[in-house]
Amino acid sequence: MRTERTLAAQVEITLAGWSPRVRERTDPTPPTPPARLPRIARLMALAIKFQDMVSRGEVRDYADLARLGYVTRARITQIMNLLNLAPNIQEAILSCEMDSPGIQERQLRSVASQVLWQEQRRLWRTINQPRSLSTSATASEIHPE
């Protein structure tokens, strides 16, 4: 005849020098959330990620990306056109200041539509100039030689 026995035990583990109450007293403020990246920087990173997915064959084409993301193919095209920007403009977008409102995507569409990087850089300088300058300032007043 076989009898089964069940044993129960309660174990309490205490780490030396640690107590939940001590932690509550020493750390009353919750950690601050990380700063939010500007939207244009997130879109630029998304375009790079999407291109990588297409290159590796994870998705067939931009239409697949649109279906997966529940957006239109036109919207995917707008995002992917950010890859047409000159490399230094892409770098500036990705490393932009966290607190500044920055550049709007709509402003960059006209820059990305230019084929020549030199022309893109010229347009980039005009939309990226400090906001405190007067709109009537000439190029010589902004960048004296």
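Taking R0 as 30 Å, what FRET efficiency do you get between Ser95 and Leu116 from their Cβ-Cβ distance, rounded to the nearest 0.05?
0.80
Report Rg (one decimal) and Dmax (nearest whole number) for the stretch 39-125, counting Cα atoms only, units Å.
13.3, 37
Do any chymotrypsin sites (Phe, Trp or Tyr not before Pro) in the stretch 40-125 lie in a loop, going by DSSP, with at most 11 other beta-carbon atoms within 10 Å of their beta carbon, and if so which?
Of the chymotrypsin sites (Phe, Trp or Tyr not before Pro), the ones in loops of the stretch 40-125 whose Cβ has at most 11 other Cβ atoms within 10 Å are Tyr70.
Each value in this text was obtained by applying a stated rule to the coordinates, not by laboratory testing. Not measured: the values here are computed from a predicted model. Neighbour counts are summed over all protein chains in view; Cβ atoms, including those assigned to glycine, are modelled from backbone coordinates with ideal geometry.
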